[in-house]
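What follows is a set of notes on a single structure, which appears directly below.
The values are calculated or read from the model by the stated rules, or taken from the named source; none is laboratory data. Everything numeric in this text was worked out from a predicted model, so none of it was measured. Here the Cβ is made from the backbone with ideal geometry for all residues, glycine too, and neighbour counts use every protein chain on show. For accessibility, only protein heavy atoms count, side chains too; no ligands or nucleic acids. Shrake-Rupley method; radii C 1.70, N 1.55, O 1.52, S 1.80 Å.
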Amino acid sequence: MSAAAPRLAFYGDDFTGATDALATAARAGLRALLFFGVPTPAQLRRVGPLDCLGIAGATRALAPEAMRAALLPVAALFRELAPGVIHYKVCSTFDSAPQAGNIAVAVEALRSAAPGAGPVLVVGGQPSLGRYCLYAQLFAAADGEVYRIDRHPTMSRHPVTPMDEADLRRHFSRLGLEGVASLDYRTCAAGASAVIERLGALRAAGAAAVLFDVAQAGDLAPIGAALAGLAGREPVLAVGPSSVIEALGTQWSAGADAAADGVSPAQGPVLLLAGSLSPMTARQVAAAGSYRRVRLDPRRLADEGPVYCGRPGRRLAAHLGDGDHVLAWIGNARGMRTAGVQSHRLARAGGRLLDAVLRETPPARLGVAGGDSSSLAMQALDAWGLSYLRRIAPGVALCRLHSDAPALDGMEVMLKGGQMGTPDLFERFVHGSD
């Protein structure tokens, strides 16, 4: 395989986060494309040179052995491409558990892709999404308030990966990544030289990983200077949300395209699958007055799969054929939020449902809410990549689907995490927000 080395290669542990990373890179002026798996040599030749190559995955929902299997070919590609920075992109809430989406397992799997790299560099906050890290303690905003992550009304109660530890050093230790040293926000406030000097001291002391506090957006420039400086001399393995790319963008940016915020009205019917059970997605569903609604029974969708999907699938296709915007939403059911395996099965069934509908009646725009739902829905489609178009809201991008199937190629797609966006997001997805 031959391709020019990108400056940055990232793997997103779910599709919603991966599209945010794609948007962040594109808005920094980097030529970026997100693949749905390890790209073939033909696909790499087709897209041409990239500054940023992304791969979207679903490791956030996988057990350790499945994670290793998924990341092995990714590590092989990244080792061959030899980018300056390899980024394992995680959710900005860092939710992860020993047996589900274990970040330490991913670090272990990707180390071979960066031979000679120093300690893992972890960027601990993303102020653009209301995530802050101070003295290694993670905080996250919700409903206008900022909570320590172990007291966050949603993340502390996550059905699969509840965050009950705010100290990210202790969190990583529980996952199996020991020796995480903290580079706190006071050093960031002192500027790039202080960050580089402190990072050198921690490396010399044998730190296995270095966690950067991010208390405010201004902390990202000195962190970016340290990361970019190292990348010019040796491989860098970084972990964190899209703030890793925001930090690098302060050094590499060709000029952020702030004009690429907001979207125009949809030029045809819109199909939206709300697979998330988060409170924000519930608000967005409640505010979505422009859609024909089709409620999906979560238990039947998860347990009966194709047998159940036939009837709602036909309704969705019929409404789209009539030119209507359609919202398929998963109504809550007792016990669903605590059944991790069942939730994963639910997301898979939702992906198969979308694939069947899109084969019959492709919409002008497709939206999916929910990390697992987005990942498995995209994997179910006959498509291989996404490129960035516009930003709808912080953490939510409108993208162009790349597929060898003419009916799917060029479709506009929005993938959003359960907590992302404002209550009117689904309405803006139809009517635009320019």
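With an a/c value of 1.5 or above and a/b larger than b/c for the gyration tensor axes a ≥ b ≥ c computed over the alpha-carbon atoms, segment 77-116 is described as prolate.
Which shape class applies to segment 68-178: rounded if a/c is under 1.5, otherwise prolate when a/b exceeds b/c and oblate if not, where a ≥ b ≥ c are the square roots of the Cα gyration tensor eigenvalues? Taking the square roots of the gyration eigenvalues as a ≥ b ≥ c, segment 68-178 is prolate.
Below 12 angstrom from the Cβ of A405, what's the summed charge of the other residues (Lys, Arg +1; Asp, Glu -1)? Combined, the nearby Lys, Arg, Asp and Glu give -3.
Given just the C-alpha atoms of segment 117-271, how large is their convex hull per residue in cubic angstrom? Let's see the in-between values first.
Working: hull volume 25.3 nm³, N = 155.
Hull volume over Cα atoms, normalised by residue count, gives 163 Å³.
Given +1 at the Cβ of Lys and Arg, -1 at the Cβ of Asp and Glu and no other charges, the dipole of segment 266-317 around its Cα centre is 200 debye to the nearest 20.
Label positions at A201 and R359, each projected 7 Å from the Cα along the C-beta direction, are separated by 6.2 nm.
To the nearest ten degrees, helix 243-252 and the longest principal axis of the Cα atoms of the chain are 60 degrees apart. V85 sits among other residues whose Cβ lies under 15 Å from its own Cβ, and their net charge, with Lys and Arg +1 and Asp and Glu -1, is +2. The portion of the accessible surface of the chain made up by carbon and sulfur, rounded to a whole percent, is 51 (1.4 Å probe; DNA, RNA and ligands excluded).
Only Lys, Arg, Asp and Glu carry charge here, each on its Cβ (+1 for the first two, -1 for the last two); on that basis the chain has a dipole of about 560 debye about its Cα centre. Accessible-area rank, largest first, for R300, R359: R359, R300, with all protein chains present and a 1.4 angstrom probe. Among beta bridges from DSSP that stay inside the chain, the antiparallel ones total about 35%. A simple charge model with +1 on the Cβ of Lys and Arg, -1 on the Cβ of Asp and Glu and nothing else charged puts the dipole of segment 268-426 at about 500 debye relative to its Cα centre. Accessible surface computed residue by residue for segment 90-179, with neighbouring protein chains in place and a 1.4 Å probe, gives 38 Å² per residue. Looking at segment 126-214, the DSSP beta bridges with both ends there are about 75 percent antiparallel.
What percent does the relative contact order of segment 180-261 come to when contacts are Cα pairs within less than 8 Å and at least six residues apart? Once normalised by length, the contact order is 30 percent.
On a 0 to 90 degree scale, rounded to 10, what angle separates helix 340-360 from the longest Cα axis of the chain? Roughly 60 degrees, rounded to the nearest 10.
Ranked from highest to lowest mean number of other Cβ atoms within 10 Å per residue, what is the order of the peptides 21-31, 40-50, 131-141?
21-31, 131-141, 40-50
Packing-based ranking of 193-205, 100-112 yields 100-112, 193-205, ordered from highest to lowest mean Cβ neighbour count within 10 Å. With point charges of +1 on the Cβ of Lys and Arg and -1 on the Cβ of Asp and Glu, referenced to the Cα centre of the chain, which listed residue (L134, V214, A97) lies farthest in the positive direction of the dipole? Result: A97, furthest along the dipole toward the positive end.
Packing around the peptides 65-71, 86-92, taken as the average count of other Cβ atoms within 10 Å per residue, puts them in this order, highest first: 86-92, 65-71. Which is farthest toward the positive dipole end of the chain among Y147, F78, L327, measuring Cα position about the Cα centre, with Cβ charges +1 (Lys, Arg) and -1 (Asp, Glu)? Farthest along the dipole direction, towards plus: L327. The value of relative contact order for the chain, using C-alpha pairs under 8 Å at least six residues apart, is 19 percent. Put simply, the convex hull of the Cα atoms in the chain casts, on average, a shadow of 18.6 nm².
Is segment 1-79 rounded, prolate or oblate when judged by the Cα gyration tensor, a ≥ b ≥ c being the square roots of its eigenvalues, rounded requiring a/c under 1.5 and prolate requiring a/b larger than b/c?
Judged from the Cα gyration tensor, segment 1-79 comes out oblate (a/c at least 1.5, b/c at or above a/b).
Evaluate the relative contact order of segment 376-416 (contact order divided by residue number), counting alpha-carbon pairs under 8 angstrom at least 6 apart; express in whole percent.
Working: 70 pairs, mean separation 13.9, N = 41.
Relative contact order comes out at 34 percent.
Taking a sphere under 9 Å around the Cβ of Y185 and counting the other residues whose Cβ falls inside, with K and R at +1 and D and E at -1, yields a net charge of -2. Rounded to whole numbers, the Karplus 3J(HN,Hα) couplings from phi for segment 397-404 are 10, 9, 10, 9, 7, 10, 8, 7 Hz, using 6.51 cos²θ - 1.76 cosθ + 1.60 with θ = phi - 60°, and x at Gly and Pro.
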